[in-house]
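J.: Quick one: this structure, given as structure tokens, is what I'll be asking you about.
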Amino acid sequence: AILDEIIANFRSNKMGSIKRRETPPSVDKLLKPALAITGVAIMWAFLKNVLTITSPLRLDLNEYEHLSMVLPPTPTHPSASTPVVALCLSDSDLSAPLNSAFLDAFLSVDESVATFVTVDCDSPLPVSDHGWSGSTLARVYGLDLSATPATVFVLHGYASSPSGDGSGAAVARLPAKSLRSGAVLTKALGRHVHPRPNRVTKTGQFQPLCVSRPACLAVLKSGDTKGLLPDIEGEVRRRKHELDFVSLDSDTIEVGGVEGTEGSEPYVEGRTRYLYIRNEAGVVEYRFSGFDQGIASFLGDVDADEEGRSLRAVGEDDVKAKVRNKRSRERGVKRRVELEKREAAGGQAAKKGKDKKKKKGGLFGGGGGGGGGPSPSPPPPPPQDGSRKSERARRKAQQKADRDAAYAGLSEEEREAEDRRREEDRRRRMEEEMRRNSVEDADGE
């Protein structure tokens, strides 16, 4: 009876029950929420990063690095390495949408070209050794904060200085109409954030704009120079505040006192040249670019020559721009024609050499390296009459035969290297001959 009662109570769950083991949830049910949480975290980090990247830097004037970006340069506080485009925006307006034209320009202009910032122009400047403590940027630069839709100015730009020397000593206030759109603002910023040369259109401009400067790069243009401008601007940008930048039409203006001297690159119609000038206490040192030398290579050579051993010296008053006369222009045209003929002849010779190598290679190629092609036969010996002239001709013919035989035994890569070396030697001889003729013409005048 007792046993029957226990069994009855067990069945009625009065004494307890055997708990049924629950089945754990499937892996996908756990995985989906985890993936969703991870995705939300990644998306938030991405959006936070995008918002940071697509927003101009907000300046905190209590930070020294930020403060130095918007103050005039001094010997102890040099200017920023890139132009600064600033939008006046008070702290109370930070919650409002940013000016769309300013934001569009910020997104379209590369950060290596200009730095875009927003700053409270009416906030008192902190106490520091810069000399503007207690003032505001609006008072320092004479900004009109009531301008609509906003006030934008450029600091440390290439066209910010009244003298046009790119020293960044003043501010450029952009007109309100430049904020009509991002494209209009970007265009208005062009001459401020991109280095543009001071154009020398009159002979009297060259001395104050270039010769009297501590360091100057003169681009002596001839022919089409549009393809050269990006490289020139890039090199000048890297040397901001260290190098003045001018250009002149070399077809109509020549630089007297340096052109036609030993070591100078002669004028050739259609060929742009570069002239580096350094002025130290009235003593002008200069250097011309080499034949067909690019701007990066030329300024790289100038930078590497720290002691100026490759520079030639002349008095400041001796370097003057003057109108290129008719005879000089005719010589430039003559050099261009001669150069084109030589280049055409060199191209034909190179083409013949390639055709000759193909013929020497036989069916399977390989030239004189055992690839099946016949070895070159030596030229017939010159007549032996016992004279010195015949002996020189015989030695010259033998040397040519030896060179041809050695060339035939080279591999394809070695032949290409040898062709490049010969072409470089040809160009060097051409350059030396042109310089020698230029000096002779100058002496003849």
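The values are calculated or read from the model by the stated rules, or taken from the named source; none is laboratory data. Small disclaimer: the values here were computed from a predicted structure and weren't measured. Cβ: placed from backbone, ideal geometry, glycine included. Neighbour counts: every protein chain shown. Just so you know, the surface numbers come from the protein's heavy atoms only, side chains and all, with ligands and any DNA or RNA stripped out. Shrake-Rupley method; radii C 1.70, N 1.55, O 1.52, S 1.80 Å.
J.: So the check is Cβ under 7 Å with 6+ separation or different chains; which pairs have a first residue in region 94-105 that's within 15 Å of THR148 (Cβ to Cβ) and a second one that's of a type in the set (D, E, K, R)?
T.: ALA101/ARG180
J.: Mind listing whichever residues of region 284-299 are without any contact (Cβ under 8 Å) to a residue 40 or more places away in the chain and either open to solvent by less than 30 Å² (accessible area, probe 1.4 Å) or in contact with a strand residue (DSSP E or B) (Cβ under 6 Å, 6 or more places away or on another chain) (or both)? Don't jump to the end; show me each part of the working.
T.: Let us first name the residues in region 284-299 that are without any contact (Cβ under 8 Å) to a residue 40 or more places away in the chain, namely 285-289, 293, 297-298.
Result: GLU285, TYR286, ARG287, PHE288, SER289, PHE298.
J.: When region 197-239 is examined, which residues are found to be touching a Gly at 6+ places or on another chain (Cβ under 8 Å) and closer than 30 Å to ALA176 by Cα?
T.: Of everything in region 197-239, just one residue is touching a Gly at 6+ places or on another chain (Cβ under 8 Å) and closer than 30 Å to ALA176 by Cα, namely ASN198.
J.: Restricting to region 324-337, name every residue that is touching a strand residue (DSSP E or B) at 6+ places or on another chain (Cβ under 9 Å) and either exposed (fewer than 12 other Cβ atoms within 10 Å of the Cβ) or part of a loop (DSSP other than H, G, I, E, B) (or both). Break it down stepwise before answering.
T.: In the first step, residues of region 324-337 are kept if they are touching a strand residue (DSSP E or B) at 6+ places or on another chain (Cβ under 9 Å); the result is 324-325, 328.
Within region 324-337, ARG324, ASN325 meet the criteria.
J.: Against the conditions (1) at pLDDT 60 or above; (2) closer than 30 Å to LEU137 by Cα, where does SER12 fall short? Just the number, please.
T.: Looking at each condition in turn, SER12 falls short on (2).
J.: Still on this structure: Evaluate the following for VAL255: is it at pLDDT 85 or above, within 22 Å of the chain's Cα centre (by Cα) and surrounded by 21 or more Cβ atoms within 10 Å (Cβ to Cβ)? Explain how you work it out, then say what you get.
T.: On the way: at pLDDT 85 or above: yes; within 22 Å of the chain's Cα centre (by Cα): no; surrounded by 21 or more Cβ atoms within 10 Å (Cβ to Cβ): yes.
Spelling it out, it is not the case that VAL255 is at pLDDT 85 or above, within 22 Å of the chain's Cα centre (by Cα) and surrounded by 21 or more Cβ atoms within 10 Å (Cβ to Cβ).
J.: For region 311-321, enumerate the residues that are of a type in the set (Gly, Ala, Ser) and either surrounded by fewer than 15 Cβ atoms within 10 Å (Cβ to Cβ) or assigned to a helix (DSSP H, G or I) (or both).
T.: Filtering region 311-321 for residues of a type in the set (Gly, Ala, Ser) gives 313, 315, 321.
Result: ALA313, GLY315.
J.: Can we say ALA114 is open to solvent by less than 10 Å² (accessible area, probe 1.4 Å) and under 25 Å from the mean Cα position of the chain (by Cα)?
T.: Details: open to solvent by less than 10 Å² (accessible area, probe 1.4 Å): yes; under 25 Å from the mean Cα position of the chain (by Cα): yes.
Answer is yes for this residue.
J.: Determine the pairs where a residue that is farther than 15 Å from MET69 by Cβ and among the charged types (D, E, K, R), located within region 107-126, has a partner that is at pLDDT 90 or above and open to solvent by 20 Å² or more (accessible area, probe 1.4 Å) with Cβ atoms under 8 Å apart, the partner being 6 or more residues away or on another chain.
T.: Taking only residues 6 or more apart or on different chains, the pairs are ASP122/CYS88; ASP122/SER90.
J.: Right, another one. Where residues in region 193-208 are more than 30 Å from PHE116 (Cα to Cα) and surrounded by 21 or more Cβ atoms within 10 Å (Cβ to Cβ), which of them is farthest from the chain's Cα centre (by Cα)? Outline the logic, then answer.
T.: Step one: of region 193-208, the residues more than 30 Å from PHE116 (Cα to Cα) are 200-208.
From the residues that got through so far, the ones that are surrounded by 21 or more Cβ atoms within 10 Å (Cβ to Cβ) too are 200, 206.
On the way: VAL200: 23, PHE206: 25 Å.
Looking at the filtered set, the residue picked out is PHE206.
J.: Hey, another quick one. Of the residues GLY227, GLY182, GLY190, which single one is open to solvent by less than 50 Å² (accessible area, probe 1.4 Å) and modelled with pLDDT under 90? Before you say what the answer is, go through the steps one by one.
T.: On the way: GLY227 fails: open to solvent by less than 50 Å² (accessible area, probe 1.4 Å); GLY182 fails: modelled with pLDDT under 90.
On inspection, the qualifying residue turns out to be GLY190.
J.: What is the residue count in region 261-283 for residues that are in a strand (DSSP E or B), open to solvent by 30 Å² or more (accessible area, probe 1.4 Å) and touching a residue at least 60 places away in the same chain (Cβ under 8 Å)?
T.: Residues in region 261-283 being in a strand (DSSP E or B), open to solvent by 30 Å² or more (accessible area, probe 1.4 Å) and touching a residue at least 60 places away in the same chain (Cβ under 8 Å): 2 in total.
J.: Are there any pairs, at least 6 apart or on different chains, whose C-beta atoms fall under 6 Å, with the first in region 388-413 and at pLDDT below 75 and the second open to solvent by 60 Å² or more (accessible area, probe 1.4 Å) and assigned to a helix (DSSP H, G or I), and if so, which?
T.: Matching pairs, first to second residue: none at all.
J.: Separate question: Which residue out of VAL70, VAL127, VAL85 is modelled with pLDDT under 80 and either more than 32 Å from the chain's Cα centre (by Cα) or β-branched (Val, Ile, Thr) (or both)?
T.: On the way: VAL70 fails: modelled with pLDDT under 80; VAL85 fails: modelled with pLDDT under 80.
Testing whether each residue is modelled with pLDDT under 80 and either more than 32 Å from the chain's Cα centre (by Cα) or β-branched (Val, Ile, Thr) (or both) leaves just VAL127.
J.: What is the number of the single condition among (1) free of Cβ contacts under 8 Å to residues at least 40 places away in the same chain; (2) touching a strand residue (DSSP E or B) at 6+ places or on another chain (Cβ under 9 Å) that VAL258 does not meet?
T.: Checking VAL258 against (1) free of Cβ contacts under 8 Å to residues at least 40 places away in the same chain; (2) touching a strand residue (DSSP E or B) at 6+ places or on another chain (Cβ under 9 Å), the one that fails is (1).
J.: Return a yes/no flag: does region 152-166 have any residue that is closer than 24 Å to LEU275 by Cα, open to solvent by 10 Å² or more (accessible area, probe 1.4 Å), modelled with pLDDT of 85 or more and of a type in the set (S, T, N, Q).
T.: No, region 152-166 contains no residue that is closer than 24 Å to LEU275 by Cα, open to solvent by 10 Å² or more (accessible area, probe 1.4 Å), modelled with pLDDT of 85 or more and of a type in the set (S, T, N, Q).
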